[in-house]
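Working notes, beginning with the structure itself.
The values are calculated or read from the model by the stated rules, or taken from the named source; none is laboratory data. For clarity, every value in this text was computed on a predicted model and none was experimentally measured. With ideal geometry, Cβ positions are generated from the backbone for all residues, glycine too; neighbour counts draw on all protein chains shown.
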Amino acid sequence: MQKLSTRHLLGIKDLTPDDIELIMATAREFKEVINRPIKKVPSLRDVTIANVFFENSTRTRLSFELAEKRLSADTINFSASGSSVKKGETLLDTVNNILAMKVDMIVMRHASPGAPHFLSKHISANIVNAGDGTHEHPTQALLDSFSMREKLGTDLAGKKIAIIGDILHSRVALSNIFALRKQGAEVTLCGPSTLIPRYVNELGVKVSHNVKETLAWCDVANVLRIQLERQQIKYFPTLREYSLYFGINKKMLDDLNKEIIIMHPGPINRGVELTSDAADSHHSIILDQVENGVAVRMAVLYLLAGQN
């Protein structure tokens, strides 16, 4: 069996192009599994995985839980809101207490950038980063790449991918940039200048502030949510004004002289970054992303378990 070059999935930055290809190939096999009448395989029957979420999550948490169950792993779920974290327990003490119950793998989401990297230096279990602050969200980027490949029927070398919206606060954007560049895609970021980080030119991407021009250029538009909960100051006057200048509707897509793919990591602020008629149109593969998330996370968990 081929192996990943790393014991943990902390970020796309740490993966090689060969690692990405291995995850994509493994996910294709698992997608066939989850579309069979019997959707379960015994691959991780003796593995115990803890889902440790210090931030709220719906899609990512459910997707990991389902991936683990499809692989026959034993799972435990930890939520910070009802835990001893509220009493002042440290992150390391919390995780060590979980590991004392003989857990093999930790899937963790945390509000602090670098939290999974810190843990990886102190514990022996494999760690999967399910999102750390505004830093990275590697499995989302992998499922996005898998969904693009599936729809385009090819690899992503030379493909034109636009990432539109709140780039500054998005861990999905950074992971996608790393993943797409490692696969040879061209990337353009589009949004208000206040929501584009200063360092992005160092990542080999272009920047645009015109949505219509960006849609005309790209093969795929990955539209990001405006993350008001992470914004401590106002980055634009109103949501209505943002929608007016950077929102995407079906008429804009229909007016293009080509077909493009619309993606969104969810949850969608309908009427802000995407209108309902655009989100639910034939251009959209948003629900395909959700389905593919289970297969990709199965692939990641399976490959990391194989490192032990």
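A few remarks follow.
- Complete set of residues in the range 262-280 that are within 14 Å of the chain's Cα centre (by Cα) and closer than 20 Å to residue 160 by Cα: 263, 264, 265
- Counted residues, the range 135-182 - those being hydroxyl-bearing (Ser, Thr, Tyr), buried (at least 21 other Cβ atoms within 10 Å of the Cβ) and at pLDDT below 95: 1
Okay, residues lined up against (1) surrounded by 19 or more Cβ atoms within 10 Å (Cβ to Cβ); (2) more than 22 Å from residue 292 (Cβ to Cβ):
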| position | (1), (2) |
| --- | --- |
| 18 | no, no |
| 27 | yes, no |
| 33 | no, no |
| 44 | yes, no |
| 51 | yes, no |
| 62 | no, no |
| 77 | no, yes |
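- In the range 108-119, the residues that are in the same structural domain as residue 131 (by TED's automatic domain parsing) and touching a residue at least 60 places away in the same chain (Cβ under 8 Å) reach residues that are assigned to a strand (DSSP E or B) and not acidic (Asp, Glu) with C-beta atoms within less than 6 angstrom, at least six apart or across chains, in these pairs: 116/108; 116/127; 116/129.
- Odd one out for residue 185 among (1) of a type in the set (A, V, I, L, M); (2) buried (at least 24 other Cβ atoms within 10 Å of the Cβ); (3) not assigned by TED's automatic domain parsing to the domain that holds residue 21: (2)
- Subset tally (residues that are more than 22 Å from residue 27 (Cβ to Cβ) and modelled with pLDDT under 95) for the range 51-82: 12
- Matching residues in the range 258-306 - criterion: being assigned to a helix (DSSP H, G or I), within 21 Å of residue 244 (Cα to Cα) and of a type in the set (Ser, Thr, Tyr): 276
- Cross-chain or 6+ apart pairs with Cβ under 7 Å, the range 237-248 first and modelled with pLDDT of 85 or more, then outside any loop (DSSP other than H, G, I, E, B) and exposed (fewer than 15 other Cβ atoms within 10 Å of the Cβ): none
- Tally of residues being in a helix (DSSP H, G or I) and either more than 13 Å from residue 178 (Cβ to Cβ) or assigned by TED's automatic domain parsing to the domain that holds residue 23 (or both) across the range 142-167: 8
- Single residue of the range 250-305 satisfying the filter (loosely packed, with under 15 Cβ neighbours inside 10 Å and under 25 Å from residue 131 (Cα atoms)) that is modelled with the highest pLDDT: 287
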